[in-house]
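J.: Dumping the structure here so I can ask a few things about it.
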Amino acid sequence: MKPVRKAVFPVAGMGTRFLPATKTVPKEMLPLVDRPLIQYAVDEARAAGIEEFIFITSPGKTALENYFGAAPALERTLSEKGKTGPLEALRPSHVAEGAVSFVRQENPKGLGHAVLLARRLVGDEPFAVILPDDLIRARTPALKQMVEAHSKNRGHMIATESVCDDRISSYGVVDIERREGAVQILRGLVEKPRPEEAPSQSGVVGRYILEPSIFERLAVQGPGAGGEIQLTDAIAADIAETGVNGFEFDGERFDCGSVSGFLNATIAYALDRPDLIDNLQGFLRGRATGLSQAA
Ligand code: G1P
């Protein structure tokens, strides 16, 4: 049984919801408290035992590529000045040479297409896909929970969570045959269904562990919802042969693809920080009082 050692991060999107910030800064580099969004995804992957990091990027994302490299001049200056705190803060951003790759997606043909581009780098082993927009705050990192569950339940595994009716058609939605604890044995899944056609209230969240058979499916997958090559459709096509499980992770998800989700995540993560909590709590209490008096 091969372990899950590689993770694919599809980061080719234009981030239009964050314009004008994303005119020159890739969305994944926007700071959530004091670290770029992508750092949270990489930290989660590392905690799950991932050793190789594959980014599917697009032209204009050089800031992201540079971010994971070494910064010798900066490190030298900090170390000469004895600034150990900032030096320590830099450490997680450095991914060892040879452990990180960047593949360019020249045409935005969809998530399925992005994952297919990792085929040669992944090879013949199970691998993780992390969509950095879905930020999951959890005691045990979500991907680690999934890697453990996957070791006992082979086949493709996708993270799921309950989604309200008015949002369901923005998600992949799973059709559940039965449940075994947090694992859902699936008989189908559909990308962005109309609310009346959704097979359940359980939506796909951006964490996947995929068997390499997905690449054969993706290679022949035609366009689906929105005219894009959908990962959901390729997984659905592989159900009979490979098997697909949903996984209800334990944690709180923030949709950092939207400005309001990003803002909520910023507050939640800042409240987790001992150095920021007092100031932020005081500020929020003051604002809440002002708002209730005005109402
Ligand atoms: C993608 C997937 C969808 C999933 C969602 C989770 O959609 O295609 O199945 O539910 O991520 O964030 P997107 O948000 O890129 O439209």
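Just so you know, all these numbers are worked out from the coordinates, no wet-lab data involved. Since the structure is predicted, the reported quantities are computational estimates derived from the model, not experimental observations. Quick reminder, even Gly has a Cβ in these numbers, built from the backbone with ideal geometry, and neighbours come from all protein chains shown.
J.: Inspect all residues belonging to region 17-32 and state whether any of them is touching a strand residue (DSSP E or B) at 6+ places or on another chain (Cβ under 6 Å) and part of a loop (DSSP other than H, G, I, E, B).
T.: No: zero hits.
J.: Separate question: Go through region 238-284 and report how many residues are within 30 Å of residue 155 (Cβ to Cβ), buried (at least 18 other Cβ atoms within 10 Å of the Cβ) and of a type in the set (A, V, I, L, M).
T.: Total meeting the criteria: 1.
J.: Something else now. Do you know which residues across region 243-282 are small (Gly, Ala, Ser) and under 15 Å from residue 33 (Cα atoms)?
T.: 260, 261, 265, 268, 270
J.: Another question about this same structure. Mind checking which pairs have a first residue in region 119-146 that is within 12 Å of residue 8 (Cβ to Cβ) and small (Gly, Ala, Ser) and a second that is within 16 Å of the ligand (Cβ to nearest atom) and assigned to a helix (DSSP H, G or I), Cβ under 9 Å, 6 or more apart or different chains?
T.: The qualifying pairs are 128/143; 128/146.
J.: Another question about this same structure. Here is a list: 158, 185. Which entry is under 16 Å from residue 242 (Cα atoms), more than 10 Å from the ligand (Cβ to nearest atom) and β-branched (Val, Ile, Thr)?
T.: That would be 185, the only listed residue that is under 16 Å from residue 242 (Cα atoms), more than 10 Å from the ligand (Cβ to nearest atom) and β-branched (Val, Ile, Thr).
J.: Against the condition within 16 Å of residue 2 (Cα to Cα) and charged (D, E, K, R), how does residue 152 come out, does it pass?
T.: Numbers: within 16 Å of residue 2 (Cα to Cα): yes; charged (D, E, K, R): yes.
Against the criterion (within 16 Å of residue 2 (Cα to Cα) and charged (D, E, K, R)), residue 152 qualifies.
J.: Can you pull out the residues in region 252-268 that are out of contact with any Asp or Glu (no Cβ under 9 Å at 6 or more places or on another chain) and within 23 Å of residue 182 (Cα to Cα)? Outline the logic, then answer.
T.: Here is the first cut: in region 252-268, the ones out of contact with any Asp or Glu (no Cβ under 9 Å at 6 or more places or on another chain) are 252, 259-260, 263, 266-267.
Across region 252-268, the qualifying residue is only 252.
J.: More than 30 Å from residue 69 (Cβ to Cβ), touching a Gly at 6+ places or on another chain (Cβ under 9 Å), away from the ligand (no atom under 16 Å from the Cβ) and not polar (S, T, N, Q) - does that describe any residue in region 122-141?
T.: Yes, region 122-141 contains a residue that is more than 30 Å from residue 69 (Cβ to Cβ), touching a Gly at 6+ places or on another chain (Cβ under 9 Å), away from the ligand (no atom under 16 Å from the Cβ) and not polar (S, T, N, Q).
J.: Taking region 161-182 as the search range and keeping residues that are of a type in the set (D, E, K, R) and farther than 30 Å from residue 125 by Cβ, which one is nearest to the ligand (Cβ to nearest atom)?
T.: 167
J.: Are there any pairs with C-beta distances below 7 angstrom linking a residue in region 151-178 that is in contact (Cβ under 8 Å) with a residue 60 or more places away in the chain to a residue that is surrounded by 19 or more Cβ atoms within 10 Å (Cβ to Cβ) and of a type in the set (Asp, Glu), with the two at least 6 apart or on different chains, and if so which?
T.: If the second residue must be surrounded by 19 or more Cβ atoms within 10 Å (Cβ to Cβ) and of a type in the set (Asp, Glu), the pairs left are 155/211; 156/211; 156/238; 172/191.
J.: Would you call residue 129 β-branched (Val, Ile, Thr) and either closer than 20 Å to residue 252 by Cβ or surrounded by fewer than 22 Cβ atoms within 10 Å (Cβ to Cβ) (or both)?
T.: Considered against the rule, which asks whether it is β-branched (Val, Ile, Thr) and either closer than 20 Å to residue 252 by Cβ or surrounded by fewer than 22 Cβ atoms within 10 Å (Cβ to Cβ) (or both), residue 129 comes out as no.
J.: Report, ordered by the first and then the second residue, all pairs with beta carbons closer than 9 Å, sequence separation of six or more or different chains, a first member in region 12-32 that is over 15 Å from residue 257 (Cβ atoms), and a second member that is within 16 Å of the ligand (Cβ to nearest atom) and not in a loop (DSSP other than H, G, I, E, B).
T.: Cβ pairs passing all conditions: 25/18; 31/37.
J.: Of all residues in region 67-89, which are closer than 19 Å to residue 46 by Cα and either touching a residue at least 24 places away in the same chain (Cβ under 8 Å) or surrounded by 12 or more Cβ atoms within 10 Å (Cβ to Cβ) (or both)?
T.: Answer for region 67-89, where residues must be closer than 19 Å to residue 46 by Cα and either touching a residue at least 24 places away in the same chain (Cβ under 8 Å) or surrounded by 12 or more Cβ atoms within 10 Å (Cβ to Cβ) (or both): 67, 68, 69, 70, 89.
J.: When only residues in region 150-166 that are surrounded by fewer than 19 Cβ atoms within 10 Å (Cβ to Cβ) and out of contact with any Asp or Glu (no Cβ under 9 Å at 6 or more places or on another chain) count, which is nearest to residue 207 (Cα to Cα)?
T.: Ranking the candidates gives 151 first.
J.: While we're on this one: Regarding residue 50, is this residue part of a loop (DSSP other than H, G, I, E, B), crowded, with 18+ Cβ neighbours inside 10 Å and on the phi < 0 side of the Ramachandran plot? Don't jump to the end; show me each part of the working.
T.: Values: part of a loop (DSSP other than H, G, I, E, B): yes; crowded, with 18+ Cβ neighbours inside 10 Å: yes; on the phi < 0 side of the Ramachandran plot: yes.
Taking the combined requirement at face value, the residue satisfies it.
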